[in-house]
Amino acid sequence: MFLSLPSLKSLSVKAQPELFLILLRLTFPWNQLTSFTVYWRGETRDVPILLEPLRQCESLESLHIESYDPPIDRIFNNDPITLPALKDLLIWNAVPPLMIKSLTSSGTLQSLELESINLLDFYDIVNQCPNLRYLECSFVGWGSSESISLPTIVLPHLKELCLDFNEDTTWPPLSLSPLLITPNLSSLEISVGSGPLPLEQIADLIKRSNMTLSRLELHGYEHSAAPASAEPLLAILSSLDACRTTKFTGVGFPESILDSIAS
């Protein structure tokens, strides 16, 4: 039946794992697909059902996998999945970091969105993606109880960066500040779910990459919006000469800065 659809390029599925078991019994043209979206409605332990069709998706350029359930690391056995044409990857839960690292190993990605990942896995994954233009990530901690030295990652093509630290963790938000160099970034958005925004690290991130931002959004925890330190806030504001859009929430401006803006 499916072989009579030679023009089939895009597939979006919202179903239980049993559907994939049915498709795998049929002759389905997985190698034709350039776009594949999966809204996973089964248990996370059943995610390996996706491995066989994914290994046949040699032409795939866009892959989205979304689930409400967190991933289970042991479900991926390290067998590589090579997607040589992949440019766009979105993973919301369900997929363990080892599998994500395999999916990104071709180095062809231009857009990457990750939900609920720790900082160490983030670096392993992003380090394989030098051609990224869009990067969005929601963090859930450090990923190690030990202090680990991480190398600097340069993303020369990155235009948009969105980081969400929405968990109350013990490591400083933006521990990644000394580790990312993004010289051509034009859009930066950072959100913190608890505690004040780490303005010093943000100012350092902007300065070290010599960013010329056209859009900056900073979202702090609104219930902790005590007046921020003036020095890093001034450093951030002074870097926005080319900025067309700015939005600050949960940031308490010191009176000295408000007086300067008013004058």
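Search region 22-39 for residues that are under 22 Å from ASP88 (Cβ atoms) and pair each with any residue that is open to solvent by 30 Å² or more (accessible area, probe 1.4 Å) and in a helix (DSSP H, G or I) when their beta-carbon atoms are under 9 Å apart and the residues are at least 6 apart or on different chains.
Pairs found: PHE28/PHE2; PHE28/LEU3; PRO29/PHE2; PRO29/LEU3; TRP30/GLU52; TRP30/ARG55.
Can you name the residue in region 76-92 that is farther than 18 Å from ARG133 by Cβ and open to solvent by less than 30 Å² (accessible area, probe 1.4 Å) and, of all such residues, is modelled with the highest pLDDT?
Filtering region 76-92 for residues farther than 18 Å from ARG133 by Cβ gives 76-82, 84, 92.
Filter once more, so that each one left must be open to solvent by less than 30 Å² (accessible area, probe 1.4 Å): 76, 81.
Details: PHE76: 60, ILE81: 86.
For region 76-92, the residue satisfying everything is ILE81.
Restricting region 180-200 to residues that are surrounded by 19 or more Cβ atoms within 10 Å (Cβ to Cβ) and among the aliphatic types (A, V, I, L, M), which is farthest from the chain's Cα centre (by Cα)?
Across region 180-200, the extreme among qualifying residues is LEU199.
Which of the residues that make up region 1-58 are modelled with pLDDT of 80 or more, more than 24 Å from PRO80 (Cβ to Cβ) and not aliphatic (A, V, I, L, M)?
SER7, LYS9, SER10, SER12, LYS14, TYR39
Among the residues of region 120-135 satisfying the criterion of being closer than 11 Å to LEU150 by Cα and more than 11 Å from the chain's Cα centre (by Cα), which is modelled with the lowest pLDDT?
Among residues in region 120-135 that are closer than 11 Å to LEU150 by Cα and more than 11 Å from the chain's Cα centre (by Cα), the one modelled with the lowest pLDDT is LEU120.
Can we say THR212 is part of a loop (DSSP other than H, G, I, E, B) and either aromatic (Phe, Trp, Tyr) or at pLDDT 85 or above (or both)?
Judged against the criteria, THR212 is a match.
So which of PRO178, PRO151 is farther than 23 Å from LEU83 by Cβ and modelled with pLDDT under 70?
Details: PRO151 fails: modelled with pLDDT under 70.
Residue meeting the stated conditions: PRO178.
The values are calculated or read from the model by the stated rules, or taken from the named source; none is laboratory data. The model shown is predicted, which means the values in this text are computed figures rather than measured ones. Here Cβ is always computed from backbone atoms with ideal geometry, including for glycine, and neighbour counts include all displayed protein chains. When the accessible area is computed, the model is the full protein with side chains, heavy atoms only, and any ligands, DNA or RNA have been set aside. Shrake-Rupley method; radii C 1.70, N 1.55, O 1.52, S 1.80 Å.
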